[in-house]
Amino acid sequence: MGLAALKPKYIGEILLDKGLVSLEQLNYALSKQRENGKFLGEILIELGVLSDEDFKRILAEQMGLPFVLPSTEEIPEEILASLTPQQAEKYQVIPVEKSASSLTVACTNPLKITLLDQLRRELGVDVKLALTTEEQITSALEKYYHDKLHNVSALLKEIKADDLKSLSINIDDTDDTGLESLANEAPIVRMVNLIITEGVRLGASDIHFEPFAKEVKLRYRIDGILYERPAPPRNLYAAVISRLKLMAGMDITQRRLPQDGRIKFRLADRDLDLRLAVVPTLYGEAAVARILNRQSLLLNLSDLGMERLEQQFTRLINLPHGMILVTGPTGSGKTTTLYAVLSLLNKTERKIITIEDPVEYELSGVNQIPVNHGLNFGFAQGIRTIVRHDPDIILVGEIRDRETAEVAIQAALTGHLVFSTLHTNDAAGAYTRLLDMGIEEYLVASTVRGVLAQRLVRKACPYCLEEYAPSAMEKDYLSRVEAPPNLLYQGVGCDKCNHLGYKGQIGLFELLVNSEMIEKLVMERANASRLRNQAIREGMQTLRDDGLKKVQAGITTLSEVLRVTQE
């Protein structure tokens, strides 16, 4: 047998032989690989050509490794006990087989030699590898190690009583040096890391730390709703908050004034960015950590739930100049929508500049400017600066006052496309809000090209979706709807949605596009109700109309739509 016969096949050859990709798909993926240096399998998965499981099976075959599905199998407790929960999460591996001298662990990337060598040194045994998917690792960690990994009460049981006693402090009796030392103690570090990790695992947008006279509350905002979880003991709270403040680069000696900071947090292979806000209360400092989800920037308009309006809205955002507003309450997804728009418009031939408070996400190729109120550099001053830098598109984080509104409208009048946000209940209210700020009627009528109002609703979990009978309130509402949904659906709760019945969020939208009649009504200073009724006559779909269509499709529930919309 010649040497050529012993030469192992490339992964691309195996995929072709198995019929999992075509030659054209493979060549396209190889060209992409030369451009960005990513792994071939990663590119094929991103393109939707190959599933993660199919690729990992082929990779296992090529490398001579077993392929396993640890979350769907039942792994004996004595094998699971070979790793601590912390080791399993840190190295993103699951033990699947054990002998007297070796341990086989399932992993997603066998090329992480350094990490696996560290694990071998920690265990003192030969570590063998099996391959699996990222979803399997996530599900297996949840299935086998969740209670030990994500439970403050379980962590406290592991900490010795003497350690707890030394960590229990009265903040008024502790000097600043002692407080910093306590904040860096291993149990406190583990507790704070656990709380953040749990928030990320649950898909929370915010983590709330709230001190009261005799207790502490820890709450996670998941898909817009707050849920309470086991909290640190009251006597450890000062050390926990001090740890958070140290991570965010704050002054831990300052406990009487609000502070803001940012935390960089590494979780497995992900770099997380958290925005921390601390404020003094009657019983200590309360804190909220906002988990900034950079993945949301990858969303397109359809992913946001705008598929019915996408064509109309795309025409609007491609206008050469004018003002386009996005409205809704805090937490309704306005920033995510605007970033999705900027990502769509971000082309070589366009210059985009933003002025934001603060800059939450970094957009490649976009000039982003943070406001600085301490130096009297706000939105209005920022816009005046921006227009001297020859932009095509300007994003103003929010129009809060008359001065900002005036300079934004002037920018729109002088050939720029301006995007901004307002806090109004519906699309029509944006016009009246600008008029109330003191902007001239003709300026509002001639510059505002369209207004997008939005809300966020929780999506019914697709894994446990079931038909259900409407409640009395829902029956009463449906009796007044011209074309009510034929069936109502809801999630009943499962492991995939943490037994909440909801998984993820989606937007409800109404788009008011300017017209001659709308301009005429604005010139007459018509109220929001008249503007809204005219827009509906011209074909505008209201927030609730959009919600009912998503209820009909089984995407969300009627109770969710009624919760976030008004008649």
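The values are calculated or read from the model by the stated rules, or taken from the named source; none is laboratory data. All values reported here derive from a predicted model rather than from experimental measurement. Methodologically, a virtual Cβ is constructed for each residue, glycine included, from the backbone with ideal geometry; neighbour enumeration extends over all protein chains shown. When the accessible area is computed, the model is the full protein with side chains, heavy atoms only, and any ligands, DNA or RNA have been set aside. Shrake-Rupley method; radii C 1.70, N 1.55, O 1.52, S 1.80 Å.
What does the charge add up to near residue 374, with Lys and Arg as +1, Asp and Glu as -1, over the other residues with Cβ less than 14 Å from its Cβ?
Working: positive: none; negative: 260, 357.
Charge balance near residue 374 sits at -2.
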Burial ranking of peptide ranges 543-554, 204-215 (average Cβ count within 10 Å, highest at the top): 543-554, 204-215
How big is the gap, in Å, between the Cα center of segment 520-567 and the Cα center of segment 193-228? 33 Å
Compute the long axis of helix 237-247 from its Cα atoms, compare it with the longest principal axis of the Cα atoms of the chain, and write down the angle in degrees, 0 to 90, nearest 10. 80 degrees
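Of all the accessible heavy-atom surface of the chain, with the other protein chains kept in place and a 1.4 Å probe, what percent is carbon and sulfur? List each step's numbers first, then the result.
On the way: 14000 of 28200 Å².
Answer for the chain: carbon and sulfur cover 50 percent of the accessible area.
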Residue 279 label point, 7 Å along Cα→Cβ, cut-off 20 Å on backbone N: hits in segment 227-246? 227-228, 238, 241-242, 244-246
Rounded to whole Å, give me the distance from the Cα center of segment 413-430 to that of segment 309-363. 11 Å
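So between residue 517 and residue 414, what do we pick up on full extension, going 0.36 nm a residue minus the alpha carbon distance? Working shown, then result.
Values: separation 103, 0.36 × 103 = 37.08 nm, distance 2.40 nm.
Result: 34.7 nm gained on full extension.
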Which of the aspartates and glutamates could a cross-linker bridge to residue 9, judged by Cα under 16 Å and excluding same-chain residues fewer than eight apart? 17, 61
If I model a spin label as a point 7 Å beyond the Cα along the Cα-Cβ vector, how far apart are those points for residue 74 and residue 552 in nm? 4.6 nm
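Between rounded, prolate and oblate, where does segment 329-389 land on the alpha carbon gyration tensor, with a ≥ b ≥ c its root eigenvalues, rounded for a/c under 1.5, else prolate if a/b exceeds b/c?
Values: a/c = 2.23, a/b = 1.15, b/c = 1.94.
Judged from the Cα gyration tensor, segment 329-389 comes out oblate (a/c at least 1.5, b/c at or above a/b).
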With everything on Cα atoms, drop me the angle between helix 402-413 and the longest principal axis of the chain, reported from 0 to 90° to the nearest 10. 80 degrees
Rounded to the nearest 5, the percent of antiparallel DSSP beta bridges in segment 301-403 equals 10 percent
Take the Cβ-Cβ distance between residue 16 and residue 115 as r, set R0 to 41 Å, and report the resulting FRET efficiency rounded to the nearest 0.05. 0.85
Which of the following values of Rg and Dmax of the Cα atoms in Å was calculated from the structure shown: (1) 32.2, 142; (2) 27.4, 91; (3) 62.9, 209? (2)
Per DSSP H run of n ≥ 4, the term is -39500 (n - 2.57); total these for the chain, divide by its residue number, and report the mean residue ellipticity at 222 nm rounded to 500 deg cm²/dmol. -11500 deg cm²/dmol
Work out from phi, with θ = phi - 60° and the Karplus expression 6.51 cos²θ - 1.76 cosθ + 1.60, the ³J(HN,Hα) of each residue of segment 476-492, listed in order in whole Hz, and give x for Gly and Pro. 4, 5, 4, 5, 9, 9, 4, 10, x, x, 5, 10, 10, 10, 8, x, 8
Using 0.36 nm per residue of separation minus the Cα-Cα distance, give me the extension gain between residue 215 and residue 376 in nm, one decimal. 53.9 nm
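Tell me, what is the FRET efficiency for residue 343 and residue 31 to the nearest 0.05, using R0 = 22 angstrom and their Cβ-Cβ distance as r? Show your work: numbers first, answer last.
On the way: r = 23 Å, r/R0 = 1.04.
Once rounded, the FRET efficiency stands at 0.45.
If each residue of separation counts as 0.36 nm, what is the full-extension length gain between residue 9 and residue 67 once their alpha-carbon separation is subtracted? Walk me through the intermediate numbers first.
On the way: separation 58, 0.36 × 58 = 20.88 nm, distance 1.84 nm.
Computed gain between residue 9 and residue 67 is 19.0 nm.
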Treating cross-link reach as a plain straight distance, find the lysines whose alpha-carbon is under 25 Å from the alpha-carbon of residue 334, omitting any fewer than eight places away in the same chain. 264, 347, 351, 459, 503, 549, 550
Using a 1.4 Å probe, what is the accessible area per residue for the chain, in Å²? 50 Å²
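What share of the DSSP beta bridges in the chain is antiparallel, in percent to the nearest 5? Walk me through the numbers before you get to the answer.
Values: 52 of 82 bridges.
Close to 65 percent.
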Taking R0 as 22 Å, what's the FRET efficiency between residue 312 and residue 47 from their Cβ-Cβ distance, rounded to 0.05? 0.15
Below 8 Å, C-alpha to C-alpha, sequence gap of six or more: please give me the relative contact order for the chain in percent. 8 percent
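Which of rounded, prolate, oblate describes segment 464-517, given a ≥ b ≥ c as roots of the alpha-carbon gyration tensor eigenvalues and a/c under 1.5 marking rounded, otherwise prolate only if a/b is larger than b/c?
Details: a/c = 3.71, a/b = 1.49, b/c = 2.49.
Because a/c hits 1.5 or more and a/b fails to exceed b/c, segment 464-517 counts as oblate.
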